[in-house]
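The values are calculated or read from the model by the stated rules, or taken from the named source; none is laboratory data. Note that this is a predicted model, so its numbers are computed, not measured. Here the Cβ positions follow ideal geometry from the backbone for every residue, glycine too, while neighbour counts run over all protein chains shown.
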Amino acid sequence: MGLFILNPGILTTVQDAGRFGHQAAGFSVSGPMDADALYTANILVNNPPDLACLEMTFLGVTAVFDRKTWFAVTGADMSPTLNGKPIPSYEAHEAKAGDKLVLGPAKNGKYTYLAVAGGIDVPVVMDSRSTNLKCGIGGFSGRKLAAGDDLPLYVTGRFLDNHYKKHLPSQSEIGPAPDGASRSIFLRVVPGPQAHFFTEQGLREFETEAYTLLPESDRMGARLSGKPVEAKAGVDIISDAIALGSVQIPASGTPIIMLADRQTTGGYAKIGTVVSSDIPKLAQSLPGTEVRFRFVTVEEANRLYQQHQKYLKKLARKTGFCPNKW
């Protein structure tokens with residue numbers, strides 16, 4: 001059908017930009033943990049940036065292409081090889097029928113993305129091809145990939161030829177690859193709807209204390225350990241909406257940052273929301289990473305968002321392509 005899976009890795013799912021507009025019915029957005037890496041992979045093979053890709057976690061797939069196509073690998077470095085020969089990430093590559101792609105364990109970060117020209121042709125469920133594992137919908141039969149799966153690929157997508165193939169000028173120009181070895185990240189946070197639930201000391205310590213990313217973190221949320229954030233009189237609220245990057249403070253007082261498979265509502269006070277442009281570096285961070293927070297204004301968050309959109313547009317131009325999104 002297109003891409004035959006010999007080894008699925010640890011947790012590989014089909015994800016596009018996400019399932020928007022259905023949270024009121026209780027369906028999470030899902031989508032990529034590292035949206036930048038997914039968008040970049042698509043741009044490199046001349047796809048609209050939000051098409052369905054494979055998201056691989058910690059360990060990549062071994063797969064055989066059933067037909068000629070072009071593909072790109074981005075995100076954490078999984079040392080990709082094609083027919084046994086190493087190939088660089090962040091570059092478009094041609095695959096012929098019978099070619100074997102192998103991705104190993106991640107050397108840095110956690111999530112790696114494989115985009116194929118034209119996208120992965122799984123059914124659209126509620127306006128998205130993203131996999132929702134908890135509900136068992138979207139993606140490939142609503143589940144993670146397994147050995148023997150044969151993924152359908154679009155055959156109508158325009159194949160690249162050597163005239164269009166163009167490696168990005170340098171790694172520095174597209175931003176550094178996720179580096180789990182850095183072991184320390186700063187996250188910019190807009191004050192949340194229940195920031196007033198916390199004492200002045202609690203708010204101050206939230207910015208000055210260092211937290212540690214726990215191994216229990218997953219696609220639903222990043223769990224942190226560290227000094228509890230002091231509340232005035234408890235953190236329970238009437239459940240309200242959860243956004244990407246919402247920083248909940250449960251009864252333990254230690255933050256949980258909500259990510260792609262977050263629940264749609266929650267009953268813990270939200271001290272802030274991580275700005276969208278900082279989510280990829282959080283998603284790629286390994287357990288044990290030191291996490292620090294800094295409050296920013298809504299105006300600053302909007303400026304950062306616009307700056308990030310300009311970066312993506314510039315990235316698209318560097319590859320020589322013009323995705324429909326822009």
Out of (1) aromatic (Phe, Trp, Tyr); (2) over 17 Å from the mean Cα position of the chain (by Cα); (3) under 30 Å from Asn47 (Cα atoms), the odd one out for Tyr305 is which? (2)
Output the strands (runs of 3 or more DSSP E) that fall wholly within the range 214-326 and possess 3 or more residues being at pLDDT 95 or above, or say none. 221-225, 246-249, 256-258, 265-274, 290-295
Any hit, the range 124-132, residues being among the charged types (D, E, K, R) and under 19 Å from the mean Cα position of the chain (by Cα): yes
The range 65-94, subset of a type in the set (Gly, Ala, Ser) and closer than 15 Å to Asn46 by Cα, residue farthest from the chain's Cα centre (by Cα): Ala92
Suppose we filter Leu6, Leu38 for residues that are assigned to a strand (DSSP E or B) and not assigned by TED's automatic domain parsing to the domain that holds Ile185; which single one remains? Leu6
Please work out which residue is nearest to Pro215 (Cα to Cα), limiting yourself to the range 94-109 and to residues that are at pLDDT below 95 and in contact with a helix residue (DSSP H, G or I) (Cβ under 9 Å, 6 or more places away or on another chain). Gly109
What about Val247, is it surrounded by 17 or more Cβ atoms within 10 Å (Cβ to Cβ) and touching a residue at least 60 places away in the same chain (Cβ under 8 Å)? no
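Here's the yes/no breakdown for (1) of a type outside the set (Gly, Ala, Ser); (2) buried (at least 18 other Cβ atoms within 10 Å of the Cβ); (3) closer than 17 Å to Val122 by Cβ:
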residue: Phe4; (1), (2), (3): yes, no, yes
residue: Ile10; (1), (2), (3): yes, no, no
residue: Ala17; (1), (2), (3): no, yes, yes
residue: Phe20; (1), (2), (3): yes, no, no
residue: Ala25; (1), (2), (3): no, no, no
residue: Asp34; (1), (2), (3): yes, yes, no
residue: Leu38; (1), (2), (3): yes, yes, yes
residue: Ile43; (1), (2), (3): yes, yes, no
Condition met for Leu160 (among the hydrophobic types (A, V, I, L, M, F, W, C), at pLDDT below 95 and either in contact with a helix residue (DSSP H, G or I) (Cβ under 6 Å, 6 or more places away or on another chain) or not assigned by TED's automatic domain parsing to the domain that holds Arg262 (or both)): yes
Would you list the strands (runs of 3 or more DSSP E) that sit entirely within the range 51-99 and hold 2 or more residues that are closer than 16 Å to Leu151 by Cα? 53-57, 62-65, 69-75
Can you give me the number of residues within the range 103-137 that are crowded, with 18+ Cβ neighbours inside 10 Å and not in a loop (DSSP other than H, G, I, E, B)? 11
Hey, any hits in the range 312-322 for a residue that's crowded, with 21+ Cβ neighbours inside 10 Å and under 18 Å from the mean Cα position of the chain (by Cα)? yes
